[in-house]
1. Post the alpha-carbon centroid distance, the range 144-200 to the range 79-93, in whole angstrom.
2. Let me make sure I get this right: for the range 62-165, a, b and c are the square roots of the gyration tensor eigenvalues over alpha carbons, sorted descending. Under 1.5 in a/c it's rounded, otherwise prolate if a/b > b/c, else oblate. Which is it?
3. Within the range 173-190, find all residues whose amide N lies under 15 Å from a label point positioned 7 Å from the Cα of ALA213 along Cα-to-beta-carbon.
4. Just to be sure I understand: of the beta bridges DSSP finds with both ends in the range 85-162, what percent are antiparallel, rounded to 5?
5. Under unit Cβ charges (Lys, Arg +1; Asp, Glu -1), what dipole magnitude, rounded to 20 debye, does the range 100-222 have relative to its Cα centre?
6. Share of the range 144-210's accessible area from carbon and sulfur, percent, 1.4 Å?
7. Enter the accessible area per residue of the range 62-217 (Å², integer; probe 1.4 Å; all protein chains in place).
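The values are calculated or read from the model by the stated rules, or taken from the named source; none is laboratory data. The shown structure was predicted, so the numbers you read here are calculated from the model rather than taken from an experiment. Cβ placement follows ideal geometry from the backbone for every residue including glycine, while neighbour counts extend to all protein chains displayed. Just so you know, the surface numbers come from the protein's heavy atoms only, side chains and all, with ligands and any DNA or RNA stripped out. Shrake-Rupley method; radii C 1.70, N 1.55, O 1.52, S 1.80 Å.
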Amino acid sequence: AKLNESGSDSQSEAARNTLPPRALVRARQWPASLPNQDAHAGSGIRSRGAKPASGAMAGAAVAGEAMVRRGTCMCGACAVELRGQPFFSVLCHCTICQRWNAAPFTHWLGYPVASVRCVEGEDKLIAHNTSATMTRFACAVCSVPLFNEAHSETEPFRDVPSGILDRDESGRILGLDAELAPKTHIYYRSRVFAFNDNLPKFTALPHSARLDADGNELPAAK
């Protein structure tokens, strides 16, 4: 169901229908002055298909052909399971992500809705509707963001910040591989820092205008 921005009772009811069972819902209406940059809630970001895991990796579970990773909040009250490989991996510089994660950018891993589920602490999830197309879930105990859910009629998905994924004793993410590496920058115009890397940079979602590392618009490809 699509959510509206009216802040009415119908919005809260629609939000409840999209959330995991028993989720603690706080359907907060964000200020109208906040730019609507819910970066992932649109088409065009799904630029590549997921590939099955190529064999077992130390510290990550493999169920048949599907890689299974786990992420937890800071206090450990909530945990999520990610099944398979992400179909997008982006560095988002939108202002909503900057505020939501209190960070200059966020690395998001995108999955089909059914591939991301809360396996612990579902009753401790709190939800914020940051736009008509995006609900963001966090732990109600420690406030750490856990995943987002995009309400799209054509491509609904959930995305997870890579920073919550479980680590080994050295602090490395378990099952880290090339599939998790970021493939592009989105909403780069509102970046906090410049990135002199070889990744493509877009003003908004992929297929929008391309930018160079300094934020200058590149000539359109012919």
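1. Centre-to-centre distance over Cα atoms comes out at 6 Å.
2. Rounded, because the longest to shortest axis ratio a/c is under 1.5.
3. 185
4. Bridges in the range 85-162 that DSSP calls antiparallel: roughly 100 percent.
5. The dipole of the range 100-222 has a size of about 400 debye.
6. With neighbouring chains kept in place, the figure for the range 144-210 is 52 percent.
7. Averaged over the residues of the range 62-217, the accessible area is 41 Å².
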